[in-house]
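Since the structure comes first, as structure tokens, the remarks are kept for the end.
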Amino acid sequence: MAIFLSVLSLACFIAAAVSLLRYDSKHFDLLVLSGVIFLGTAIPSFEVDASLEELKSINHRLINLQTGIEKLQPR
């Protein structure tokens, strides 16, 4: 989702540049605003993705630790 929003944001900025240079700034402000909104929405998604990866890594280490402790316990 974050990558899609980043690409959409980049497309808005490119369209704004084309609008500025070719079409006498028609809808330039709307395109820039849309690009900023999409970019602002994408940034927290990257942070959440990184946090999820960190949690998965911690969970994997805890499972390994639990397995090791179970092997050490006498039966």
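The values are calculated or read from the model by the stated rules, or taken from the named source; none is laboratory data. Values in this document were obtained by computation on a predicted structure and should not be read as measured data. Backbone-built Cβ (ideal geometry, glycine too); neighbour counts: all protein chains shown. These area figures cover heavy atoms from the full protein model, side chains too; ligands, DNA and RNA do not enter into them. Shrake-Rupley method; radii C 1.70, N 1.55, O 1.52, S 1.80 Å.
One table, with the values for the structure above:
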read-out	value
On Cα atoms only, tilt of 28-72 relative to the major axis of the chain in degrees	10
Charged-residue dipole, Cβ positions (Lys, Arg, Asp, Glu), the chain about Cα centre, Debye nearest 20	280
Selected from Ala16, Ala50, Ala42 as most flexible by GNM, with the chain as the system and alpha-carbon contacts under 10 Å	Ala50
With Cα atoms, 0 to 90° folded angle of helix 2-22 axis to the chain main axis	10
Surface accessible to a 1.4 Å probe, per residue, for the residues of the chain, Å²	83
Cα-Cα P(r), the chain, percent of pairs per 5 Å interval	3, 16, 14, 11, 10, 8, 7, 6, 6, 5, 5, 3, 3, 2, 1, 0, 0
Solvent-accessible area, 1.4 Å probe, carbon plus sulfur percent, for the range 1-72	71
